[in-house]
Amino acid sequence: MQARAPRVDQNKLLLAAVAALGLCAFQFGDRNGLNNMPFAQVQPLVSDLSKARNMAKQGNVDLLAGQTMPGQSASLRGEVTDANCYLGSHTHAYDHAFCAKLCAAAGSPLVFVPDEGRQIYLVLNVQNGVRLPENVLDRIGVPGIVVTGKVLDTDGLRALAIEALVQ
């Protein structure tokens, strides 16, 4: 007795082919090469978020700029300083303020060192793609400032999304 091959349902085969063609026709991801754009070309868009949003929409790219960070509201007293010097040599405070500002201006990440406790926080902007408030940047390296913001804890990394400096 000869074994029979299972009969293929022609309708299912046709439906699968149409679905595959439909998926191929739908374009996933970056249509305009935005993800390959050099940093120097992206950086000026920070000051023109509406242009960045339009480019992202046309390019089919997710853009979270302007969205507010989630987290627990908090008010903390301590110091904003640059991560490179703090983590590399535990250098911070008034004697280091100029260096910390220079490193931050060059792109070093910022950390918040609270007056009490040992938990160091990665500093984030409260809104994606929006600079920290100027008065916070002016106080980099100054101990004893009070900031408000949102505390996040993701995958063991604690962060502080700074909203404002309390005067």
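Filtering THR148, THR81 for residues that are hydroxyl-bearing (Ser, Thr, Tyr) and within 22 Å of LEU64 (Cβ to Cβ) leaves a single hit, THR148. The set of residues in the range 66-96 being under 24 Å from ARG158 (Cβ atoms), out of contact with any strand residue (DSSP E or B) (no Cβ under 8 Å at 6 or more places or on another chain) and not polar (S, T, N, Q) consists of CYS85, GLY88, HIS90.
Within the range 123-142, being under 14 Å from ARG77 (Cα atoms) and open to solvent by 50 Å² or more (accessible area, probe 1.4 Å) holds for one residue alone: ARG139.
The values are calculated or read from the model by the stated rules, or taken from the named source; none is laboratory data. All figures in this text were calculated on a predicted structure; none of them were measured in a lab. Glycine also receives a Cβ, built like all others from the backbone with ideal geometry; neighbour counts cover every protein chain displayed. Ligands, DNA and RNA are excluded from the accessible area calculation, which covers all protein heavy atoms including side chains. Shrake-Rupley method; radii C 1.70, N 1.55, O 1.52, S 1.80 Å.
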